[in-house]
Each structure stands twice: as C-alpha cells, then as structure tokens.
Amino acid sequence: MHRNPVSLETRYPWLHLNCLRWLLALVLSFTLCFSTQVAGVSANSPTTCQVGVYVTALRNFKLTEKTFDAEFRLWSVCPTDTFQPLKNIKIVGGTTPIVSYENFSVKDNISTTTFASREKVYYHQQEMTATIGQGWNVDNYPFDRHVLKIQLEDGIENSSKFVYTPDLTASGYQKSMSVGAWKIKGFKMEEIQVPYASNFGDPSNNKKGQTRSRIVVSVSIYREKALSFFKLVAGVYAAIAMTALTFFLDSNVPPIFSGRMGLLVGVLFAIVVNMRVVESAIGRTETVTLADFIHIVAVAYVFIAAVLGVHSRIQAASGFVRLAKKMDTKVFFPIFVISFVVINIIAVTYAAFV
C-alpha cells in the first residue's frame, strides 16, 4: 500500500517557526554588531576640512639665502565651526605669514566632494604672503631645476583629531604670473601624515609620539634664461684666451719669457677672483657645480700652460729654438684650445640635458 510522503513541516509544525526565529535573531545580531562597529569608527574618526591653495605669485628667489617668497590664496570648507584650520595653520620652514585679506562666511544647503548635502558649511578664505626656506640645488646652474614646496600644517591638533582633505579641483596657480628668468613646469598638491617622536609635553597624551596632517604644495620650475651664467663665466673664458696667446711668445728671449710667466700668474689670479664672484652670486655649496668645474678646469689649464712654457724655455736654452717655437704654435696651442673647448661643451651639455 502506497503512502503519501509527509513533510517535516507538516509532521512538526513548530520546526518551521523556530528556524525563522533563529534566522531572524542571527540577522538582527549581525546588523547590531556591524552598526556598533561603524558607529565606533565614526565616533573615533578625526574631523576633516576641505582645504585648497591657489598660488598667485612666486618671487625673490634668493639662492645665497636659500629662500623664496610666495603669495597664495588659502581656503577651507568645514562641516562645523568647531575647527577653524586657517586660524591654526603654520607654514613649515617659513616665516609667519602676512595676511592681507580674510573672509569668513556660512553657506547654506551645500554639497561638496568631501561632505554630503548639509544645511550649513563654514567657508574661510585668506590671502597670505610668506618667505619660505628652499634648499636650492645649483649643481647644474644655469640649467638647474627645482621644486618649490609650500607646506601647511595644523599647529594644534594631531591627526587623530583633525586631518586636511585637499581641494584638488579648485587648487592651482595663476598661469599669467611672472617668475622672472624661470618657467613653471608643474603643480601638485597632496596631504601627508608627518610623524613626530614627541608628544610636545601634552599631559593628556600618554604616547611618546604623534602625527600631524600636512598639506604639501609642490611647484616645479626650471631656469629659462641663462644669460646670467655667461656673464659670470665670461671672465674665465677671456682668461683662457689670454693664456692661449702666451704660446706665441718667444721663450728664447729671457724678458719675453718672464712676461709670459707673469701673464699666467695674473690670469690665474683673475680666475680665482672670478670664482669668488660666482660663489657670492649662487651661494656656497659642498658639491662641485658646473660653474666650479669650469673654473677648476681653467686653473688646471693655466698651470699646464706654465709647465709647457718652462719646457719651451728649456728646449730653447738647449739650442732647439726652432723646435721650441714649432711645438708651442703648431702642437701645444691647438691641443690646448681644442681640448678646453671640448671639455666645456661636454660639461655644459651634460648639465643641460642629463
């Protein structure tokens, strides 16, 4: 005799109800746990404000003092008026900025890329001018390239309480601003976390260190005009030209030979003095710059010319007067000039393109 199968739900009606209850309880527990965690993260998340920078002027590039002046518009958009980042902002490695313009207002019913639609946001704008430190690298002067950095940091709160959100859309630089002999190549802005190995004596912070939120504005520039460089090294090239002419002075005649040596001494002194002028113009460095290299090579060539002059004098005194003249004018002179020119072309080309 065939029997119709009976389902578990029909035989045990309480089983279906209990499964639904257990499933519902599991979903509610998971939802409650997840909501609690999210709420905890949100409660512990640092406050953020959207901050932007627009550079309007770059000037007074002082290589010897390792500084430059910057003028820029700075603004912040905050969800509350608890934090006012422009009030606490400091320029890292710069002087206290001069605020020439300031505006504070409340905007209604605003939605930004950082905040969802809110009833109110707090907008603050300033125009600042500051002198900022810059580690100028003039190794390849006048073909040097630099990245000017404006670094803005909150002077009070660490990054566990407040961080910047860069306004990448509206930030930039004034395309029409003049930077003298320089040309702007690029602009970049980013937010970074800067660690400090100290709590700065804050009694409420029992940690040994902390981090601060920092906005870094980077403006890449390169020197467009090299006229100042050729003004500085023109004296060196003139000195080498005078040195090359000494090969046409007859070493067989003692007074002329003495004049030849005296001229080389004067040329050497002029090169050393010109080296000091270059150093005062672009600053003293611990590396060999292109200008230093040209001067050092010039000093070496003057010394070589003196040695060759003595050699010519010895040959003439030994009776080889014609040979001494021929070696000076036909061998030493062209080798001296061509090798110096080639070395300078290689050095300048390397600095310009490599």
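Just want the answer: with Cβ charges of +1 for Lys and Arg and -1 for Asp and Glu, which residue in Ile256, Ile343, Val267 is farthest toward the dipole's positive end in the range 249-354?
Ile256
So which of Lys87/Lys208; Lys120/Lys188; Lys225/Lys326 end up more than 32 Å apart by C-alpha? Can you show the working numbers first?
Details: Lys87/Lys208 26 Å; Lys120/Lys188 30 Å; Lys225/Lys326 43 Å.
Beyond 32 Å between Cα atoms: Lys225/Lys326.
Can you work out the base-10 log of I(q)/I(0) for the range 71-184 at q = 0.11 1/Å, using the Debye formula on its C-alpha atoms alone?
Relative scattering, expressed as log10 I(q)/I(0), comes to -0.48.
In whole angstrom, how long is each semi-axis of the equivalent ellipsoid of the range 291-354, when you take the square root of 5 times every eigenvalue of its Cα gyration tensor and sort them from largest down?
Numbers: eigenvalues 196, 30, 4 Å².
Values for the range 291-354, descending: 31, 12, 4 Å.
Magnitude of the Cβ-charge dipole of the range 262-347, K/R +1 and D/E -1, about the Cα centre, nearest 20 debye? Write down the numbers at each step before the final one.
Numbers: 7 positive and 4 negative charges, 103 e Å.
Value, rounded to 20: 500 debye.
For the range 200-354, what does the alpha-carbon gyration tensor say about shape, rounded, prolate or oblate, given a ≥ b ≥ c as the root eigenvalues, a/c under 1.5 as rounded, and a/b over b/c as prolate? Could you put the intermediate results ahead of the total?
Numbers: a/c = 3.88, a/b = 3.04, b/c = 1.28.
Cα axes put the range 200-354 in the prolate bin.
Taking the radius of gyration and the Kirkwood hydrodynamic radius from Cα positions alone, what is the Rg/Rh ratio for the range 196-245, to two decimal places? Write out the running numbers ahead of the final one.
On the way: Rg = 26.7 Å, Rh = 16.7 Å.
Dividing the radius of gyration by the Kirkwood radius yields 1.60.
For the range 103-252, give me the percentage of DSSP beta bridges that are antiparallel, rounded to the nearest 5 percent.
Working: 30 of 30 bridges.
Percent antiparallel among DSSP bridges in the range 103-252 is about 100.
Using a cut-off of 12 Å between alpha-carbon atoms, which aspartates and glutamates can reach Lys183, once sequence neighbours fewer than 8 places away in the same chain are excluded?
Within the straight-line cut-off, Lys183 pairs with Asp144, Glu224.
State in Å² the accessible area per residue of the range 165-222; use a 1.4 Å probe, count heavy atoms of protein chains only, and round to the nearest integer. Each step should come with its number before you reach the end.
Numbers: 3390 Å² over 58 residues.
Result: 58 Å² of accessible area for each residue.
Let me check the size of the range 262-315 from its C-alpha atoms; what are the radius of gyration and Dmax in Å?
When restricted to the Cα atoms of the range 262-315, Rg and Dmax are 13.6, 45 Å.
In debye, nearest 20: dipole of the range 124-247 around its Cα centre with unit charges on the Cβ of K, R (+) and D, E (-)?
Working: 14 positive and 11 negative charges, 69 e Å.
Charge dipole, the range 124-247, about its Cα centre: 340 debye, nearest 20.
Please report, as a whole percent, how much of the solvent-accessible surface of the range 208-324 comes from carbon and sulfur atoms (probe radius 1.4 Å). Provide the component values of the computation, followed by the final result.
On the way: 4170 of 5900 Å².
In the range 208-324, the share of accessible area belonging to carbon and sulfur is 71 percent.
Compute the Kirkwood hydrodynamic radius of the range 121-259, taking the inverse of the mean of 1/r over all pairs of distinct Cα atoms, and give it in Å to one decimal. Don't skip to the answer; put the middle values down first.
Numbers: mean 1/r = 0.0485 Å⁻¹.
Evaluated on the range 121-259, it is 20.6 Å.
The values are calculated or read from the model by the stated rules, or taken from the named source; none is laboratory data. No experiment lies behind these values; they were computed from the predicted model shown. Because the Cβ atoms are built from the backbone with ideal geometry, glycine has one as well, and the counts that use them run over all protein chains shown. Only protein heavy atoms, including side chains, enter the accessible area calculation; ligands, DNA and RNA are left aside. Shrake-Rupley method; radii C 1.70, N 1.55, O 1.52, S 1.80 Å.
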